[in-house]
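The values are calculated or read from the model by the stated rules, or taken from the named source; none is laboratory data. In this text the structure is predicted, and so the values were computed from the model without any measurement. Positions of Cβ are generated from backbone atoms using ideal geometry, with glycine treated the same way; all protein chains shown enter the neighbour counts. Just so you know, the surface numbers come from the protein's heavy atoms only, side chains and all, with ligands and any DNA or RNA stripped out. Shrake-Rupley method; radii C 1.70, N 1.55, O 1.52, S 1.80 Å.
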Amino acid sequence: MPIVTIQQFPRDLEQKRELARRITEAFEEVYGARPESVQVFFQEVDGEHWARGGVMGCDIAGD
């Protein structure tokens, strides 16, 4: 049973649906997995819950 975990900034529900569909199709094509066996978990992190280079994401201009 393939399990995929995606860590990302918050995204629109429709984008997540499309990504989950495409990931599932890839597992079907490459591994021969049944679609119902593929699980995709989305972990969404906003700028107050991550840092890059010692600077909080919410404090980084332009990201």
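Taking only protein heavy atoms and a 1.4 Å probe, what accessible area per residue, in Å², does the chain have with all protein chains in place? Please list the in-between numbers first.
Values: 4900 Å² over 63 residues.
Per-residue accessible area for the chain comes out at 78 Å².
Rounded to the nearest 10 degrees, the inclination of helix 13-31 to the longest alpha-carbon principal axis of the chain is 50 degrees.
Explain nothing, just the number: relative contact order of the chain, from Cα pairs under 8 Å at least 6 residues apart, as a whole percent.
Details: 64 pairs, mean separation 25.8, N = 63.
For the chain, the relative contact order is 41 percent.
Springs between Cα atoms under 10 Å define the GNM used for the chain, and in it the highest mean-square fluctuation of ARG17, ARG34, ARG52 occurs at ARG52. For the peptides 20-26, 7-13, the ranking by mean Cβ contacts within 10 Å, running from highest to lowest, is 20-26, 7-13. For the chain, DSSP calls about 25 percent of its internal beta bridges antiparallel. Considering only TYR31, VAL55, LEU13, whose Cα is most displaced toward the positive end of the charge dipole of the chain, charges sitting on Cβ of Lys, Arg (+1) and Asp, Glu (-1)? So the residue furthest toward the plus end is TYR31.
Taking every alpha-carbon pair in the chain and binning the separations at 5 Å intervals from zero gives 4, 16, 22, 16, 13, 11, 9, 7, 2 percent.
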